[in-house]
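Since every read-out is calculated from the coordinates, none of them should be taken as a lab result. Keep in mind it's a predicted model, so treat the numbers as computed, not measured. Positions of Cβ are generated from backbone atoms using ideal geometry, with glycine treated the same way; all protein chains shown enter the neighbour counts.
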Amino acid sequence: MYNFEIERPGTIEEAVAALAAEEAQALGGGQTLIPTLKARLAAPAKLVSLAGIAEMKGVRSEDGAVVIGGGATHAEVAREAAETYPALAALAGGIGDPAVRNRGTIGGSLANNDPSACYPAAVLASGATITTNTRQIAADDFFQGMFTTALNDGEIITSVSFPVPQAANYQKFEQPASRFALVGVFVAKFADGVRVAVTGASEDGVFRWSEAEAALSADFSADAISGLSVSPEGMIGDLHGTPEYRAHLVKVLTGRAVSAA
Amino acid sequence: MPDGGIGASNKRREDVRFLTGKGNYTDDINIHGQAHVHFLRSDIAHGKIKRLDTSDAEKMPGVLRIFTAADFEGVGGIPCGWQVTDRHGNPMQEPKHPVLAEGKVRYVGEMIAAVVAETPAQARDAAEAIVLDIEELPAVIDMKEAVKDGAPKVHDELESNLCYDWGFVEENREAVDEAIRGAHHVTTLELVNNRLVANPMEPRVAIGIYDQASGDHTLYTTSQNPHVIRLLMGAFVLGIPEHKLRVVSPDVGGGFGSKIFHYAEEAFCTFAAKAVGRPVKWTCSRSEAFISDAQGRDHVTKIELALDEEGHFLAIRTETYANMGAYLSTFAPSVPTWLHGTLMAGNYRTPLIYVNVKAVFTNTVPVDAYRGAGRPEASFQLERVIDKAAREMGIDPVELRRRNFITEFPYATPVAVEYDTGDYNATMDKLLEMADVAGFEKRLEESRKRGKLRGLGINCYIEACGIAPSNLVGQLGARAGLYESATVRVNATGGLVVMTGSHSHGQGHETAFPQVVADMIGIDPSMVEVVHGDTANTPMGMGTYGSRSLAVGGSAIVRATEKIIAKAKKIAAHLMEASEADIELKDGQFTVAGTDKSVAWGDVTLAAYVPHNYPLEDLEPGLEETAFYDPANFTYPAGAYACEVEVDPDTGKVEIVSFCAADDFGNIVNPMIVDGQVHGGLGQGIGQALLEHAVYDENGQLLTGSFMDYAMPRASDVPFYKVDHSCQTPCTHNPLGVKGCGEAGAIGSPPAVVNAVVDALQRAGHDVTHIDMPLSPSRVWAAMQQG
Ligand SMILES: Cc1cc2nc3c(=O)[nH]c(=O)nc-3n(C[C@H](O)[C@H](O)[C@H](O)COP(=O)(O)OP(=O)(O)OC[C@H]3O[C@@H](n4cnc5c(N)ncnc54)[C@H](O)[C@@H]3O)c2cc1C
C-alpha cells in the first residue's frame, strides 16, 4: 500500500466535493479496493469513505420496488430484503464470506462491475434503476463490459431501485477457488415478460440471454429452453472452465433458476 | 497408573494458547532495534540481468543498505541435502544455488536484491526504485520439452536440463521388460500428479540477530527442523560454527514439508544482521509465499502393470518425469527416487519392478517434499492402475487387491525395503464394514432417483515412515543422518522436562510425548513438559517430517527415560537398603519385591539433587539423561480407504458424500490426535484430488498465484470422515511399536477420490478410464462429453 489521505464525509454533497480533488477515489466496503491497494496496483492520493453517509444506507420499499442504499452492505440486504425480494436477499447472502458481506456494498460491487460478480445479474434481470448523485441510469445502460460502467469520474451510486418480480431466482455456480460466480444466472418473471441475466460467462461482462427471455415469456418452465443453446463464442475461457463449459452452464443454470423461482 | 498415559485421548494442551491467540509465532517476535528487509524478486522466469542499479534506491528514506549478489561473493550457495546417483552410476547434475541471483534469473520469485530499511514499507518503496533490466530468455516449463535436444538451458553450466535419469532397480530392467512382453494382460496408464502449493496458515518469517560483543548469531525462523538449518546454513552457506549460531523455531503454524528446507531468506537475514549491525526481519506475504515456498508433487508418469490370467501381478514398469524447479531444494532429489521408487510394491506381491525417474530442471519455483513426499505419487499411480486393470479384466477391484496382498512378514520387496509387519486383509475387512460397501447398490439407486451419478472408490496404501535408518540413507545419497534425540531432565521435586530434537508445528507433541514418559514412570502427564525448537536447549536432532516424530523422536524419549529409570532404581535401592535387582517401579512408587517397603518417585528425585543420603562413590548426583535413537528400519503404516461420491451429470461437480479410512498405525499413544492427523491428511488429499493445482503459463508466470485461483479445500468441501485405527500390527523394531500417522491421509486419499469418480462415470455408461487431478467440475464435465 502507498500512503494516501482519507476523508470521511457525512453527506453525499460533502463526498462529491471531496471526490473533486485530483486522484481522489471513493471507498465503499473496501473489499475490492483495499486488496488492490495492498498489492500496490493502485495509488489514489485520497480515499473518500462513503461508510459514514446515513442517506446511502438501508433497504426500503417504495411503490412496489425495493430501494437499496448505495452504501448498504451485502449482509444488510440479505437480512432486510429477505421478505420483500427473497431472490435478491439470497444472492446477497451468497456473496463471499461473512467478513466480505459485512463490509462490501452494493454500490462498490456495481461500480466495480467485476465480470464474475453477482449483483450485476440481479440488477440487469430486475431492470433496476441506478441512482447517482447526478442522475438515474437504467440497468440496460449501466453495464458496459468488464469493469466498465456508465459512471463518470467522481460519480457516486447513492441507491438502486429494484422492481419486484412475480417470481425470481439466482443460480450461482461457484468458481472453485474464489467462489465468485463461474457462471451465475438471475431469472426474473414480471407481468410483462421474463428477464434473464448472466454473469461470469461472457468476455463482455453481464448480459441478457434474449432467446431464453422470449421462450420463457411464452412458457415459464425449464422445458421451454430445452431446445435453445448458447454459443461458446465470446465466453470466458480460463483455468476454471472453457468457453464451451461456461456456455453449457448458462443453459443448465437458467433451467434450474426457472424451476426454483 | 494415573489417567492420561499411552492410549488416552488427552486434550491438546498447546491448543489453549493457540485458540486464545497466545501462541508465540516468529512474526510475534520483535527484537529491539530491528530493521526490515524487502526482497526484490524476479517477475521474469528466465533472463539475463543486464542492469541492476541500486544507487537511487539507496537514497530513499529509511534505507540502511541494499544487497545484491556482489555482496555474497565468497559466501556458499544454498546446499542440497541429498545426492542421487543416476542409472549409469554418475552423480546427479547439481547447479549452484546462490542466495541472490547471480547474473541470471531462473524463476518468477527468485531474489535479485534485498533492501534493508527502517520499516517494511520503506524497504518496499526503495525496492521499487531499484533500476533493473532483464533480457528475457525463452523459459522451459514443460518437462518433456525441457529434456529435448536444443531446449533452452535453465543452467548454462550444466549439460542439459536433466538433473538425473534414475533406474530402480537397474539390474531388473531387462527382466521387467521381458515379463511385460510375455504377460497375459498389461494395463497401461498415463497420469499427472498435480503440482501443489503447501500454503501453511503461517507464512515463513526469519529474523537474523548478531551480537557484536560475543560474535554470536541467532536466527529465529519458521522451520520444522532448526538443527538442520543450523547445520546447513552454518556449515555450508555462511561458515558459522554451531557454537556461535543459535536457531530458534518457536510456535510454527503448519509446515506440511514446505518448512523443512533451508531457504535463502534465512541465510540472508543471518548474514545481513552482521553486515548492517542491526537485527533484520523478514515476513513473507501470502503472494510472496506462492512464488517462494518450495512446491510439491508435479510428476508426469506412465505406469504399466502386467498380470497373469488369474490377475496375479507379474511386473510393474514406470517412467516418471519429476519437476525439480529451477534449483535443487534441500531434499528435492530424494522425493521422486528413494521416497517414491521404494514404495512401488505397495501392499502387493509383485516380483519384478522397474522404476525410471527423470528429474528435470524448469524455470519454476523449486519443488520438494510436501505431506507424503513421493509416497502419494507412488500410491496414486499404483492404486489407479490396479483399478483400471480390475475393470479391464472384469475382476472386482477389492478382490484383485486381495489376490495380490502380501500376507507374510517380514517381506522383502523387489524395491529395496523390507516390511516388518502388517495385515492388509484386516484393514480391508474393517473398511468394507465401515463403508457399508454391501449397501452401496441401494444408495446408488437412491442417487439415481435424484438425478445424480454415484461412485465408489476403494484403494490401499502403504508408506515408509519413521525416517530413517542413517546407514541406509547414507548409502542412498543422504548427506545427513536421520536419527532423533532427546534429553530428559528430572527436577528435584519430580517434574520432568523433555528436550526433543523433534519439532511440533501443529502435531501435538507437547501433549503426546508426556503421555509416553508419564506412562513409563506411572505419574500424571501434567508433570512432564516438552521443550523443542531451540538449538540452544535441545540436543542435536533432525526435526519433524516423514511421520517420524513419535516413531523416531518418541523412541529417543523412551531410551532416555529408560536410562532415567535405571538410575532412579539404583537410588531407590540405596534409599531402601535393598538390592537394585529387586526394585520395581509402578504408579510412581518404587517398591522392593516381596516386601512392603516403598519410596515415592519424588523422594528419589529429591535424593538425586540433595544427595545427603546417596551412593556418591558409585553414582553421580542428578537425574538427567540423553539418548540418540537411530531406527533399524522404516516403519510401514498401511491401510484401506473408501470414497463415495455423487457427480452432478449436468455440471460435472463432484461431492464427496462419504469417506472412510481404516489405518494400521501400530500402537497408538493419543487416539484423538491420530484422528486429527488423519482428518488433516484427508483434507489435503481431497484438496489435491478435487481442487488444488499450481499452474504456470508457457512464460513461467504462476497463473494460480493467489487464493482467487488456487483452490484450497474448505470445510464444506469435505465430508464428516469415518476413521478407524483399531487394526494394529505394532512396529517390530521400535520400543513403542508405533508407525506414524501424519501423512497417511494425504497418501491414501487421492486415488480413492479418482477411483470413485471414474466408477461413477463408468456406471453411468461413460467410457472414461482416467481424469487427471484436480477433478474440477469443468474437467469432469469435459470427460463426460468425450465418452
Ligand atoms: C473474499 C472475497 C469474496 C468475494 N466474493 C464475491 C462473490 O461471491 N460475489 C460477488 O459479487 N462479489 C464478491 N466479492 C466482492 C465483494 O462483493 C465486494 O464487496 C464488491 O465487489 C466491492 O464492494 P465494496 O463496497 O467493498 O467496494 P470497494 O472495494 O470499496 O470499491 C470498489 C470500487 O467501487 C468504487 N465505489 C465504491 N462504492 C461506490 C459507490 N457507492 N459509488 C461509486 N463508486 C463506488 C470504488 O471507488 C472502487 O473503485 C468478494 C470479495 C472478497 C474479498
Response to the item:
For A:Gly29, the residues 5 or more places away or on another chain with a placed amide H closer than 5 Å to its own amide H are A:Thr105, A:Gly108
Fill in: Separation of the B:Val497 and B:Val16 label points, Cα + 7 Å toward Cβ, nm
1.8 nm
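With +1 on each Lys and Arg Cβ and -1 on each Asp and Glu Cβ, how big is the dipole of segment A:5-49 about its Cα centre, in debye rounded to the nearest 20? Working shown, then result.
Working: 4 positive and 6 negative charges, 63 e Å.
With only Lys, Arg, Asp and Glu charged at Cβ, the dipole is about 300 debye.
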Discussion item. Less than 25 Å apart at the alpha-carbon level, and either on another chain or at least 8 residues along: which lysines does that give for B:Lys722?
Written reply: B:Lys11, B:Lys430, B:Lys442, B:Lys452, B:Lys653, B:Lys739
Worksheet item: What size of dipole, in debye to the nearest 20, comes out for chain B about its Cα centre when the only charges are +1 on Lys and Arg C-beta atoms and -1 on Asp and Glu C-beta atoms?
Response: 820 debye
Worksheet item: At q = 0.04, 0.08 Å⁻¹, what log₁₀ I(q)/I(0) does a Debye calculation on the Cα points of the protein assembly as shown give, no solvent, two decimals?
Response: -0.23, -0.92
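Please rank B:Cys465, B:Cys660, fewest neighbouring Cβ atoms within 10 Å first, as an exposure proxy. Walk me through the numbers on the way to the answer.
Numbers: B:Cys465 29, B:Cys660 24.
Least to most surrounded, the residues fall as B:Cys660, B:Cys465.
Contour minus end-to-end for B:Asn471 and B:Ser526, with contour as 0.36 nm per residue of separation and end-to-end as the Cα-Cα distance? Mind showing how you got there, number by number?
Values: separation 55, 0.36 × 55 = 19.80 nm, distance 3.69 nm.
Contour length minus the Cα-Cα distance gives 16.1 nm.
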Response to the item:
Here the relative contact order (percent) of segment B:501-659, from C-alpha pairs under 8 Å and at least 6 apart, is 18 percent
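Kyte-Doolittle cut-off -0.5, length cut-off 24 Å along the helix's own axis using Cα: show which whole DSSP H helices in chain A pass.
Details: long enough: A:243-260 (25 Å, 0.07).
Length and hydropathy pass: A:243-260.
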Worksheet item: Shape of chain B from its Cα gyration tensor (a ≥ b ≥ c, root eigenvalues): rounded if a/c is under 1.5, otherwise prolate when a/b > b/c, or oblate?
Response: oblate
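Filter the trypsin sites (Lys or Arg not before Pro) in segment B:427-526 to those in DSSP coil with at most 10 other Cβ atoms within 10 Å of their Cβ, and list the result.
On the way: sites: B:Lys430, B:Lys442, B:Arg443, B:Arg448, B:Lys449, B:Arg450, B:Lys452, B:Arg454, B:Arg479, B:Arg489; in loops: B:Arg450, B:Lys452, B:Arg479.
Passing sites in segment B:427-526 are B:Arg450.
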Worksheet item: Based on the alpha-carbon gyration tensor of segment B:16-110 and its eigenvalue square roots a ≥ b ≥ c, which shape applies: rounded if a/c is under 1.5, prolate if not and a/b is larger than b/c, or oblate?
Response: oblate
Worksheet item: Name the trypsin sites (Lys or Arg not before Pro) in segment B:646-727 that are in a loop by DSSP and that have at most 13 other C-beta atoms within 10 Å, would you?
Response: B:Arg714
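Taking R0 as 22 Å, what's the FRET efficiency between B:Lys244 and B:Asn30 from their Cβ-Cβ distance, rounded to 0.05? All intermediate terms of the calculation are to be shown ahead of the outcome.
On the way: r = 23 Å, r/R0 = 1.06.
The formula returns an efficiency of 0.40 here.
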Practice prompt. Just grab the label-to-label distance for A:Ser231 and B:Ala438, each label 7 Å out from Cα along the Cβ direction, in nm (one decimal).
Written response: 5.8 nm
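Quick check on segment B:696-787: take the gyration tensor over C-alpha atoms, sort the square-rooted eigenvalues as a ≥ b ≥ c, and tell me if it's rounded (a/c under 1.5), prolate or oblate.
Working: a/c = 2.50, a/b = 1.53, b/c = 1.63.
Oblate is the answer for segment B:696-787, as a/c is 1.5 or above yet b/c matches or exceeds a/b.
Relative contact order for chain B: what percent, with Cα pairs under 8 Å and sequence separation of 6 or more? List each step's numbers first, then the result.
Values: 2010 pairs, mean separation 124.0, N = 787.
Relative contact order for chain B comes out at 16 percent.
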Worksheet item: Per q in 0.14, 0.16, 0.17 1/Å, what log10 I(q)/I(0) does a Debye calculation on the alpha-carbon atoms of segment A:56-163 return?
Response: -0.46, -0.61, -0.70
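With each run of n ≥ 4 DSSP H residues scored as -39500 (n - 2.57), what mean residue ellipticity at 222 nm is computed for chain A after dividing by its residue count and rounding to the nearest 500 deg cm²/dmol? Provide the component values of the computation, followed by the final result.
Values: 10 runs with 81 residues, N = 261.
For chain A, the value works out to -8500 deg cm²/dmol.
When a footprinting reagent is the concern and you count Cβ atoms within 10 Å, what order do B:Met708, B:Met434 take, fewest first?
B:Met708, B:Met434
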Response to the item:
Taking chain B and counting helices only, DSSP H stretches of n ≥ 4 at -39,500 (n - 2.57) each over all residues, the nearest-500 ellipticity at 222 nm comes to -7500 deg cm²/dmol
Worksheet item: How do B:Thr218, B:Thr595, A:Thr134, A:Thr32 rank when sorted from fewest to most other Cβ atoms within 10 Å of their own Cβ?
Response: B:Thr595, A:Thr134, A:Thr32, B:Thr218
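Evaluate the relative contact order of segment A:5-49 (contact order divided by residue number), counting alpha-carbon pairs under 8 angstrom at least 6 apart; express in whole percent.
56 percent
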